[in-house]
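The values are calculated or read from the model by the stated rules, or taken from the named source; none is laboratory data. No experiment lies behind these values; they were computed from the predicted model shown. As a convention, Cβ positions derive from the backbone with ideal geometry for all residues, glycine included, and neighbour counts pool all protein chains shown.
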Amino acid sequence: MSRRSLIAIADLDRDDIARILETSNRFAEVMARDIKKVPTLRGRAIINMFFESSTRTATSFELAGKRMSADVVNVKGSGSSVDKGETLKDTVLTLNAYRPDILVIRHRAAGACVVAARHTDAAVINAGDGKHEHPTQALLDLYTLRRATGTLEGLHVAFVGDVLHSRVARSGATALRTMGAKVTFVTPPTLMPRGAAEGLGVDVSYDIRDIGDADVVYALRMQHERMGKGGFVPSLREYATEYGIGHHRLRPGQLVMHAGPMNRGVEITDDLADDPTALVTTQVESGMIVRMAVMFDLLTEPGTRKGSDAVDEAVAA
Ligand code: CP
């Protein structure tokens with residue numbers, strides 16, 4: 001039987017997202033215990049395939065699998081047969097021979113997970129594919145925000161900076177809109193994706209003062225590795241002056257997020273990055289919990305009595 005996958009946030013409807021956030025709450029209870037391990041996925045195999053650099057996503061998926069007692073194997077681009085020119089298709093076919101339950105894939109190419117899913121019976125989780133999608137980042141951001149504010153309905157989130165190259169903004173905006181939030185993209189003209197307003201149902205602005213109305217200011221990383229020879233902004237110093245987020249731009253009570261890794265002094269000031277009221281570390285904490293919930297969700301029958309009973313069983317020590 002081919003399994004459900006999570007390749008784009010649009011794979012989930014409002015009920016799916018609500019269910020995963022509820023399940024995340026239950027796994028958060030597990031993380032509050034002395035022994036932070038449950039037998040939920042005992043006998044299951046998870047292969048994490050990271051062909052592009054990662055700290056947060058890679059470690060949280062590995063820990064999430066281990067905390068649920070799965071067998072977890074990590075494959076990186078460097079040091080694997082990818083170095084010898086093996087194609088993604090052949091790597092997936094090879095690993096599929098071990099009958100994994102889940103393949104977690106990060107790749108620099110947009111669409112890599114769609115290709116991979118054609119060659120495996122495992123559930124595929126997109127852990128970030130180029131500038132396309134990062135659905136588990138969107139879910140962990142929603143979880144973080146709901147914990148911080150109590151509700152997503154009617155919340156106004158402004159994504160600021162390099163939206164053009166940002167899978168975080170693309171998945172995040174879709175997920176937030178699905179849950180009834182308002183989203184604004186605030187960028188220099190060169191870093192605004194064409195058709196964002198119509199395609200994603202967001203407001204767009206080139207004026208940083210428009211973050212004033214937002215409940216949440218989400219600073220985006222300048223993605224130098226996706227900019228080629230550059231030319232998107234006159235200089236990083238000018239960008240930081242015009243669009244960098246710091247205390248001077250915020251009004252009291254506004255929440256600040258950043259998916260990391262941060263370019264301190266570019267999209268976010270040093271002071272703000274270190275401010276304990278910014279949600280950056282909370283986002284990282286949420287990552288492991290939400291990824292536990294996503295893996296559990298893909299391997300159970302959601303929306304059925306069996307599914308909800310299974311959550312109770314899943315968090316039982
Ligand atoms: N936010 C995020 O995806 O971080 P990593 O690249 O460190 O996984």
Residues (under 20 Å from Val92 (Cα atoms) and either within 16 Å of the ligand (Cβ to nearest atom) or not assigned by TED's automatic domain parsing to the domain that holds Ile102 (or both)) located in the stretch 11-56: Asn48, Met49, Phe50, Phe51, Glu52, Ser53, Ser54
Leading residue by the ranking (farthest from the ligand (Cβ to nearest atom)) among those in the stretch 265-286 that are part of a loop (DSSP other than H, G, I, E, B) and in contact with a Phe, Trp or Tyr (Cβ under 9 Å, 6 or more places away or on another chain): Val266
Among (1) at pLDDT below 95; (2) acidic (Asp, Glu); (3) within 15 Å of the ligand (Cβ to nearest atom), where does Asp83 come up short? (3)
List pairs: first in the stretch 38-64 and part of a loop (DSSP other than H, G, I, E, B), second near the ligand (Cβ under 8 Å from one of its atoms), Cβ under 6 Å, 6+ apart or cross-chain? Glu52/Arg106; Ser54/Arg106
Can you name the residue in the stretch 81-92 that is within 29 Å of Ala293 (Cα to Cα) and surrounded by 16 or more Cβ atoms within 10 Å (Cβ to Cβ) and, of all such residues, is farthest from the chain's Cα centre (by Cα)? Thr91
If you go through the stretch 67-79 one residue at a time, do you hit one that is of a type in the set (Gly, Ala, Ser), away from the ligand (no atom under 16 Å from the Cβ), at pLDDT below 95 and in a loop (DSSP other than H, G, I, E, B)? yes
If we scan the stretch 200-207, do we find a residue that is within 24 Å of the chain's Cα centre (by Cα) and within 20 Å of Tyr143 (Cα to Cα)? no
